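The values are calculated or read from the model by the stated rules, or taken from the named source; none is laboratory data. As the structure is a computational prediction, the values presented were derived from the model and not from experiment. Quick reminder, even Gly has a Cβ in these numbers, built from the backbone with ideal geometry, and neighbours come from all protein chains shown. Calculation scope for accessible area: heavy atoms of the full protein, side chains included, ligands and nucleic acids excluded. Shrake-Rupley method; radii C 1.70, N 1.55, O 1.52, S 1.80 Å.
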Amino acid sequence: MGCSSMMKKYSLLLVLSLCFVNLSFVSSWKKDEFRNCNQTPFCKRARERAPQSCNLVVSDVKIDGGDLTAKLLPRTQEGKMEAEAGGDESNVKPLLLIISAYQKGILRLKIYEDPSLNPPRKRFEPPEVVIPEFESSKLWLQQISSIQLEGDSSPSSVVYLSSDHEAVVRHDPFEIYVRWKDSGKKLISVNSQGLFNFEQFRKKKSEDGKEEDWEERFRTHTDSRPYGPQSISFDVSFYGADFLYGIPEHASTSLALKPTRGPGVEFSEPYRLFNLDVFEYEHESPFGLYGSIPFMLAHGRAYGTSGFFWLNAAEMQIDVLAPGWEGDSSKPVQSQRIDTLWMSEAGIVDAFFFVGPSPKHVVNQYTTVTGNPAMPQFFATAYHQCRWNYRDEEDIAQVDSKFDEFDIPYDVLWLDIEHANGKRYFTWDRVLFPNPEQMQDNLAAKGRHMVTIVDPHIKRDDSYHLHKEATEKAYYVKDASGKDFDGWCWPGSSSYPDTLNPEIRAWWADKFSLDNYGGSTSSLYIWNDMNEPSVFNGPEVTMPRDALHYGGVEHRELHNAYGYYFHMASTEGLLKRGGGKDRPFVLSRAFFAGSQRYGAVWTGDNSADWDHLKASVPMVLNLGLTGMSFSGADVGGFFGNPEPELLVRWYQLGAYYPFFRGHAHHDTKRREPWLFGDHNTALMRDAIRTRYTLLPYFYTLFNEASTTGIPVMRPLWMEFPSDEATFNNGEAFMVGNSLLVQGIYEERAKHVSVYLPGGQSWYDLKNGAVYSGGQTYKLEATEDRIPCFQKAGTIVSRKDRLRRSTTQMEHDPYTLVIALNSSLAAEGELYIDDGKTFDYQQGAYIHLHFLFSDGRLKSSNMAPASSEKHFSSNCVVERIILLGLPAGAKGALIEPMNLKAEVESGPLMLRKGSKPAALVIRNPNVRVSDNWTIKIF
């Protein structure tokens, strides 16, 4: 992962040979290479603050420009302001407080230094994270009401938020909370525990002729911290909550966040949000990984779901506080409330409260602020095959042909860093890849695509055109002295484009044109790795915090968003390349709030073991809850050599990830699906085929995510929010609202326990067996599959014909699987467009609603009748499977064509050895672009 700074003493050749060419010397993750809270001064200071230590009060409350505005200042003693700890009276100035209300029950709270009082510098606010459309949903507050809270010496201010909620500004002591109008009960609050602290910019103290030392040191690195302490911390309380979720990225087998502080806690460290290149990370830790989304959700039976988002790109640490954390055993513990402590090194308070009340409402409210996920191309939702690295064009051709030989579908073949000339991105090693255009065209002829890696570290080589141009244009991030930052990564000495600057993002985007990226074609897509950014000889394997960006912004202020802006620039590059018509595909390792608008992410460098398989589910679920719907984990584990059983189980689970990719480290044995014997090959082939069969359903869910933010892969409690048995179930998950998938996470498991939520029955998609909801079942763990059930009352669309890629599936017929509920009813949707362009945004799509009731299946197109563009399809429905239909049906009448179709027993899947398991309407041959009704008789 990292190489010590001593390596600078050696020649570049030696460094490259020892460190960057061969990583076999690197051991697994060592905690002492990274800071803990006690080694992070702002975190340590915040944790040491006692409850109710905040001495701020609210004054000058008024309505201004449709917002509630006020000032925060310390309580006075004898007419003077009290000094904050570590400061003096001259440095303590009033803070500005602004509260804004928006549609959908979204409250925004901003607290920052008053610019009219001339602070030493402006604090950084991450641009282009909040989407412009959100501001147009602002509610203009008209008036402030006053209430006298029991025990308070002064009244509090109340403003409208929604028909059910209002925001309360408590003046003394300072507190902000959202409450229910009818009961007056709190839902979310800030500073109810009195832990708010805002370190204002100040001048250095001098004592005995020596200036105060603001430097911070960790291992061999020194952070100059020229502007001194500037951290912010505050408590957030969630009322009526049973569990908390979100704030990725960390690895855990628990879906819910575990307490990190207080009596009986398992972890003593906060959840860290600091984008890092973590080599072979632990599967159970609050330690931060590659991305950071400071968005937390609370859920409970009492009040439903709520959420809190702090828009801040600096390092953040978050404590989940266990009951009794205050340490006062005589004080009764309030039930149904979870307290948290949020701590950040820099920035401002720019926080959003989401009132729900349902899980889907909260996720939608969050993506209303940061944007909905991008709609992917159809091919990107299929299976991807990757390795660090496929050796050369011959290797690529052989892998491609082997998939066909073994009749295994796939859509994308990936190339890692070794494909480039000396790790100079946008180039090719012309010895190993002499004909890259032809290589891509050969894949494209089969309807397949290629992805190449483009990382942010640019090799410092004067003969490299990209480095030469970036240097001449002064486009690199600067070090603290103002020189181009020089760090170490795969190419050796490297510099990093400052993609915070829109001009530099536009420059970077131009590099993806077919003219600039020699050897590329329109079927080539992109992978951004190492964009945390990873710096091997930097502190904690990242860029120094005092490095400088566009506008004089310190790296400490935007660190967690660097990869976001790099991802944005790469996506813009593919948009430009395609003339704005071709949907981009860009996978990024680093991410931040809003990254969902630019592509997919994955969970990074996992390991080939059962614990990492198990941890992948809550990791992907929490990504989905925080907007990153298009995500997955490396199937098989990046590090290590999985035994065939683990690899098979991973394929069976990964087939249901939103992003489905097999990937492996270059030191691992080759592990393509045909290398483990005929039997295991057949099992993996079936798993991949399962994904291809379900692609119409997945694509429909991606459309739902792109319009509502609701993720493709969902925790059970999202669909069953009142079922307490689902609240911390991270072993099973829903794909959409219809399919429940239970992973198998133990070697040689003979049985697997599956909880099926209550309210409806469930159908086993292997044999059609029906199970009642609200119970846990002990099922046989068969090697050919992991349990998958369809919820009664739903309709799932499939394509059952087996092809080698999605392109060959385009005109194939559909199968509808109808799982009837106790009322013999069901409904579902099917979304279809051209799978490539943005024409769907002008209405060029089909969006079918299926409804089965009273013995009739009705299909109606929900797409607008009149639109700028039109999309049609000649595809037909060739099979309709009816689960739960009583025996006795003789046939089906198709209206308005007045045609008849047969009803007979048939298998659930068209696979060898499948037995009849349900009634099937054969060959109704109704077009998906038409409205029609099929009546069972």
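Structure values in brief
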{"read-out": "Members of K31/K210; K30/K205; K31/K669; K104/K858; K766/K858 lying beyond 30 Å, as alpha-carbon distances in this model show", "value": "K31/K210; K30/K205; K104/K858"}
{"read-out": "When region 823-896 is reduced to its Cα atoms, the Kirkwood hydrodynamic radius in Å", "value": "14.5 Å"}
{"read-out": "Rg and Dmax [Cα atoms of region 569-709; Å; Rg one decimal, Dmax integer]", "value": "16.0, 46"}
{"read-out": "Alpha-carbon centroid distance for the pair region 526-546 / region 755-817, whole angstrom", "value": "42 Å"}
{"read-out": "Shape of region 734-773, Cα gyration tensor, a/c cut at 1.5", "value": "prolate"}
{"read-out": "Where trypsin sites (Lys or Arg not before Pro) fall in DSSP loop in region 427-476, at most 14 other Cβ within 10 Å", "value": "R430, K473"}
{"read-out": "Rg ratio (alpha-carbon, reference 2.2 N^0.38 Å) - region 441-562", "value": "1.15"}
{"read-out": "Percent breakdown of C-alpha pair distances by 10 Å bin, ordered from the shortest bin, for region 151-306", "value": "9, 24, 30, 23, 12, 2, 0"}
{"read-out": "Histogram of C-alpha separations across region 351-468, 5 Å bin width, %", "value": "2, 9, 16, 15, 12, 10, 9, 8, 8, 6, 3, 0"}
{"read-out": "Rounded to 5, the percent of DSSP beta bridges in region 376-498 classed as antiparallel", "value": "55 percent"}
{"read-out": "Square roots of 5 times each gyration tensor eigenvalue, C-alpha, region 811-937, largest first, Å", "value": "28, 16, 13"}
{"read-out": "Theoretical FRET efficiency, 1/(1+(r/R0)^6), r = Cβ-Cβ of S822 and A725, R0 25 Å, to 0.05", "value": "0.75"}
{"read-out": "Under-5 Å amide H pairs with A918, H placed in peptide plane, nonlocal only", "value": "G906"}
{"read-out": "Gyration tensor over alpha-carbon atoms, region 521-615, equivalent ellipsoid semi-axes in Å", "value": "25, 22, 11"}
{"read-out": "Approximate shape of region 695-778 as ellipsoid semi-axes (Cα gyration tensor, √5λ), whole Å, largest first", "value": "23, 15, 14"}
{"read-out": "Along each principal axis, Cα extent of region 730-816, largest first, Å", "value": "41, 33, 23"}
{"read-out": "Linear extension gain, I147 paired with R391, 0.36 nm per residue minus alpha-carbon span", "value": "80.7 nm"}
{"read-out": "Lysines with Cα under 26 Å of K459, excluding same-chain neighbours fewer than 8 positions away", "value": "K8, K9, K423, K468, K473, K478, K483, K511, K576"}
{"read-out": "Size descriptor, Kirkwood hydrodynamic radius, that averages inverse alpha-carbon separations across region 92-179, Å", "value": "15.1 Å"}
{"read-out": "Rotationally averaged projected area of region 869-937 (alpha carbon convex hull; nm²)", "value": "5.7 nm²"}
{"read-out": "Linear extension gain, D678 paired with K468, 0.36 nm per residue minus alpha-carbon span", "value": "70.4 nm"}
{"read-out": "Cβ-derived FRET efficiency at R0 45 Å, S268 paired with K210, nearest 0.05", "value": "0.80"}
{"read-out": "Accessible carbon and sulfur surface of the chain relative to its total accessible area, %, 1.4 Å", "value": "48 percent"}
{"read-out": "Ellipticity estimate at 222 nm from DSSP helix runs (n ≥ 4, -39,500 (n - 2.57)) divided over the chain, nearest 500", "value": "-4500 deg cm²/dmol"}
{"read-out": "Ranked packing of 527-536, 799-808, most packed first, by mean Cβ within 10 Å", "value": "527-536, 799-808"}
{"read-out": "Neighbour net charge for K258 - beta-carbon separation under 10 angstrom, K R +1, D E -1", "value": "-2"}
{"read-out": "In region 351-418, chymotrypsin sites (Phe, Trp or Tyr not before Pro) in a DSSP loop with at most 16 other beta-carbon atoms within 10 Å", "value": "F406"}
{"read-out": "Computed FRET value (nearest 0.05) for Q39 with Q398, which takes r as the C-beta separation and R₀ as 41 Å", "value": "0.25"}
{"read-out": "Per-q log10 I(q)/I(0), the chain, q = 0.06, 0.09 Å⁻¹ (Debye; single scatterer per alpha-carbon; no solvent)", "value": "-0.43, -0.98"}
{"read-out": "Where trypsin sites (Lys or Arg not before Pro) fall in DSSP loop in region 478-508, at most 14 other Cβ within 10 Å", "value": "K483"}
